[in-house]
Amino acid sequence: MIIGICNDHAGVEYKERLVKYLEGKGHQVVNFGTDSTDSCDYADFAHPLALAVESGKVDKGIAICGTGNGMAITLNKHQGIRAGLAWNTAIAKLVKGHNNANVLVMPARFASYRMVVSMVREWLATEFEGGRHARRIEKIPVR
Ligand code: RB5
């Protein structure tokens, strides 16, 4: 799978560790985030990731900032993006199973790296349940 990843300064360390983890699992990772811990603006990295997911350049996306909210708010401005913020494995599973999130967003300052890896593993392993959840996500886009 080709996975796009983006982060601001708060997410650099977790991004670097996740890239190694994902590549170790055989995925190709495209880095849209900053590699510097200098203060920066999450939207500068969220938009390129969103465009890559929407265009199919990458299959899925992962986004990390301090709270996750800046990334989630920005990503969800894109019609083709369902970015779900998760902070534990149950939510990471549900955000795929129920919301078919094509971007998983996580809060670097409020989740351990161990939890972040568990969330990514769960989200990647979970299938969208469809059914009533398909009907619900079809109503999300602003037409
Ligand atoms: C950066 O300090 C912080 O504002 C950012 O990482 C994120 O939490 C914003 O939503």
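Take the conditions (1) under 23 Å from residue 20 (Cβ atoms); (2) outside any helix (DSSP H, G or I); (3) aromatic (Phe, Trp, Tyr); residue 123 misses just one of them, which is (2). Every condition in (1) touching a residue at least 12 places away in the same chain (Cβ under 8 Å); (2) surrounded by fewer than 21 Cβ atoms within 10 Å (Cβ to Cβ); (3) not aromatic (Phe, Trp, Tyr) is met by residue 55 except one, and the failing one is (1). Selection within region 24-52: residues that are within 19 Å of residue 122 (Cβ to Cβ), outside any helix (DSSP H, G or I) and open to solvent by 30 Å² or more (accessible area, probe 1.4 Å). The member of this set that is farthest from the ligand (Cβ to nearest atom) is 26.
Tell me yes or no: at least one residue of region 86-103 is small (Gly, Ala, Ser), more than 21 Å from residue 46 (Cα to Cα) and not in a strand (DSSP E or B). Checked region 86-103: at least one residue is small (Gly, Ala, Ser), more than 21 Å from residue 46 (Cα to Cα) and not in a strand (DSSP E or B).
In region 104-120, the qualifying residues are those that are in a helix (DSSP H, G or I) and surrounded by 12 or more Cβ atoms within 10 Å (Cβ to Cβ), and the one that is nearest to the ligand (Cβ to nearest atom) is 116. Residues in region 58-98 that are open to solvent by less than 20 Å² (accessible area, probe 1.4 Å) and touching a residue at least 60 places away in the same chain (Cβ under 8 Å): 70, 71.
The residue list 21, 14 contains one member that is within 16 Å of the ligand (Cβ to nearest atom), more than 12 Å from the chain's Cα centre (by Cα) and within 18 Å of residue 123 (Cα to Cα), which is 14.
The values are calculated or read from the model by the stated rules, or taken from the named source; none is laboratory data. Everything quoted here is computed from the prediction, not taken from an experiment. Positions of Cβ are backbone-derived with ideal geometry, glycine not excepted, and every protein chain shown enters the neighbour counts. Only protein heavy atoms, including side chains, enter the accessible area calculation; ligands, DNA and RNA are left aside. Shrake-Rupley method; radii C 1.70, N 1.55, O 1.52, S 1.80 Å.
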